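Presented below is the structure to which this report refers.
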């Protein structure tokens, strides 16, 4: 009975991770996700897929590090990955906000120059 | 000596024109630049009627980025001296000479107009006073130098400083951070006492709700700033 249950959850896990991989690749194809950022997610989904197929590997690694309950090792890994990803996003956002600030300042200057030229022309016409 | 007045303005339609006129009256030969930081009121329309320079930012970037826009402008147009004055009449035009004179006499690179220098009579809220005290202590600790009013935005800068700040200036609550940055990078910063008016129009960029974030952010920025060696200038310029 136990064997069957394990089998079932394994199939679900494999199906979910496969779906995730297709979903991410599709996002990249549609240009909704940049390859640069998609790569991280693809890597994550492949590791989930790998661990779903080779459950014994998860167990072995968990026991090896000293975690008695293998799913806890999975949670730990997921948490760690999530944390890294959020940190990475914060870095990207900081970079982007610096860049948009520069762009906005630049727009301010361009408009200023433009107005100056326009008013000079107007004066000449008079 | 080419002098520029930088007036950052965010929703200051009621006072900005008056400030411009007073600055012009006080220093007829100085140029005035208003940086309109995405105001939603009539600031833009009112300033346009004056014959001064006006830069409109496409959205609200924050006081730091607005003032930095002024520094970039001053740098590109080769000004020898720039001073910052608020558009809400808190800073008095008749005090400007006090903060630009030491720069003209080449006594310092940066002058901060301080409300507190040598005086103790201020009627600020308890939290504001506490904040100011914490800043004073932090500065004393990190720089070994007493800065009484590091949040004051009433400042004058010489050319060297303008060029530096055009590239290094924080977006929000930039004043205390800039003081540390400047001193760490070897700029000579001096405070002079100025009279200031209590605010009639508009609100401080530091609301009570944000003051906690303000403190933490500034202390973090100051802390990190003091860890950095003074290589910023060479790296980025």
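Only the coordinates and a few stated rules stand behind these numbers; no lab work does. Fair warning: this is a prediction, and the values are worked out from it, not measured in the lab. Methodologically, a virtual Cβ is constructed for each residue, glycine included, from the backbone with ideal geometry; neighbour enumeration extends over all protein chains shown.
Overview of values
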quantity	calculated
Other protein chain Cβ atoms within 10 Å, averaged over every residue that makes up A:104-116	5
For the protein assembly as shown, share of DSSP beta bridges that run antiparallel, in % to the nearest 5	30 percent
For chain A: span of alpha carbons on each principal axis (Å, largest first)	95, 31, 17
Rounded to 5, percent antiparallel among DSSP beta bridges of region B:1-160	35 percent
Using alpha carbons only: equivalent-ellipsoid semi-axes of the protein assembly as shown, gyration tensor based, whole Å	53, 27, 18
Cβ crowding within 10 Å averaged over residues, with B:44-52, B:165-173 ranked highest first	B:165-173, B:44-52
Selected from B:90, B:140, B:225 as most flexible by GNM, with chain B as the system and alpha-carbon contacts under 10 Å	B:140
Over chain B: Kirkwood hydrodynamic radius from C-alpha pairwise inverse distances, Å	17.9 Å
Gaussian network model of chain B, springs between alpha carbon atoms under 10 Å - residue of B:155, B:115, B:129 with greatest fluctuation	B:129
FRET efficiency for residue A:103 and residue A:7, using Cβ-Cβ distance with R0 set to 51 Å, rounded to 0.05	0.40
Radius of gyration and Dmax over the Cα atoms of region B:48-174, both given in Å	15.7, 48
Value at 222 nm in deg cm²/dmol, rounded to 500, when DSSP H runs of n ≥ 4 in the protein assembly as shown each add -39,500 (n - 2.57)	-19500 deg cm²/dmol
Ranked B:15, B:161, criterion: other C-beta atoms within 10 Å, fewest first	B:15, B:161
Average other protein chain Cβ within 10 Å of Cβ, residues B:28-38	1
